[in-house]
Amino acid sequence: MQIFRDWRGLPAAARGAAVALGNFDGVHRGHAKVIAAAHAARPDAPRAVLTFEPHPRELFRPEDPPFRLTLSAERAAALAALGVAIVYELPFDWPFSELSAEAFVVEVLHRGIGAHHLASGPDFAFGHRRGGDIGFLAVRAEALGIGLSVVPLLSDAEGPISSTRVRRLLQEGYPERAAVELGRPWAIRGPVIEGDRRGRTLGFPTANIPLGRHLEPARGVYAVSVRLPDGAEVPGVANIGRRPTVGGGPESRLEAHLFDFSADLYGLELTVALKAFLRPERRFPDLGALRTQIAADAREARRLLDLPLSASA
């Protein structure tokens, strides 16, 4: 998959695509439906997505807590899994935010990327102060000879599937339900940083990954699957939170213990997928009680992941 971060000066092979439009945070099943509609309308054209980095909300409301389901690399991986060949990941800065809706359609979509077909949900808005809507896009696209598919929201018994709904499920401690809406388990991707090595002294060494701009899900313990840089998957158990028993800190982080694994992971980028929520984070009276609970959490995670118990469990 090719990623372009400017709509100007694109090579000929990167133009003339069938383009799905949106933020695509999480790349959930509703997003997949929009991508599929673009491809179905023009199966002869490259399958492409036009999105933004950072998310516009991060520019306009920088004081908001982190809310992203997928940052750039993980979003690209999820799009590639859906068959997307080209991603136009346009930098969303103040000058770009001031482009009028007309300029976005004419300069970016028509002259810039040369889109042959567009697809979006019915609520897509664009241009300065969100001055363009689907009605405007339909009129201007037709005048410019660009096809347009307006894709109804994908819904279930609970209503439309959306990034907001996925965020709520994760914050309430339902990663399995979030996975159904995403079409895959939700994952946090980030570098392994130096910790205090307390997990190692407790007999459960952990890979420590800052949440950064990711959404903070429910604090607590999860059964997880960890993808290594070489693509290997290793099951494990992880805590997300502030570690109240050992003093913690003002920021939550993810600490993942990989089962039956001993290699040095410092500095590597891992992808930790949440499979099941085991229990909320809580403070223990001492390190002995914490170690006993971690051992119990590991056993429960192994059971949920359908793994044999370790010799020390």
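The values are calculated or read from the model by the stated rules, or taken from the named source; none is laboratory data. What you see is a predicted model, and the numbers here were worked out from it, not measured in a lab. Cβ: placed from backbone, ideal geometry, glycine included. Neighbour counts: every protein chain shown.
Within the group Leu228, Leu268, Leu274, which residue is modelled with pLDDT of 95 or more and surrounded by 21 or more Cβ atoms within 10 Å (Cβ to Cβ)?
On inspection, the qualifying residue turns out to be Leu274.
Output the number of the condition that Gly173 fails; it satisfies all remaining conditions of (1) under 30 Å from Arg279 (Cβ atoms); (2) part of a strand (DSSP E or B); (3) among the small types (Gly, Ala, Ser); (4) not assigned by TED's automatic domain parsing to the domain that holds Ala273.
Going through the list (1) under 30 Å from Arg279 (Cβ atoms); (2) part of a strand (DSSP E or B); (3) among the small types (Gly, Ala, Ser); (4) not assigned by TED's automatic domain parsing to the domain that holds Ala273, Gly173 breaks only (2).
Among (1) closer than 26 Å to Ile161 by Cα; (2) of a type outside the set (A, V, I, L, M); (3) free of Cβ contacts under 8 Å to residues at least 24 places away in the same chain, where does Glu233 come up short?
The one condition Glu233 does not meet is (1).
In the range 250-258, is there at least one residue being of a type in the set (Asp, Glu), touching a strand residue (DSSP E or B) at 6+ places or on another chain (Cβ under 7 Å) and not in a helix (DSSP H, G or I)?
Within the range 250-258, one or more residues are of a type in the set (Asp, Glu), touching a strand residue (DSSP E or B) at 6+ places or on another chain (Cβ under 7 Å) and not in a helix (DSSP H, G or I).
Have a look at Arg61, Arg75 and point out the one that is assigned by TED's automatic domain parsing to the domain that holds Gly16, in contact with an Asp or Glu (Cβ under 9 Å, 6 or more places away or on another chain) and under 28 Å from Ala179 (Cβ atoms).
Arg75
Just the residues that are free of Cβ contacts under 8 Å to residues at least 60 places away in the same chain and of a type in the set (D, E, K, R), please, taken from the range 268-290.
Scanning the range 268-290 gives Arg279, Arg282, Arg283, Asp286.
Check Arg279, Arg299 and return the single one that is within 15 Å of Pro175 (Cβ to Cβ), surrounded by 12 or more Cβ atoms within 10 Å (Cβ to Cβ) and of a type in the set (D, E, K, R).
It is Arg279.
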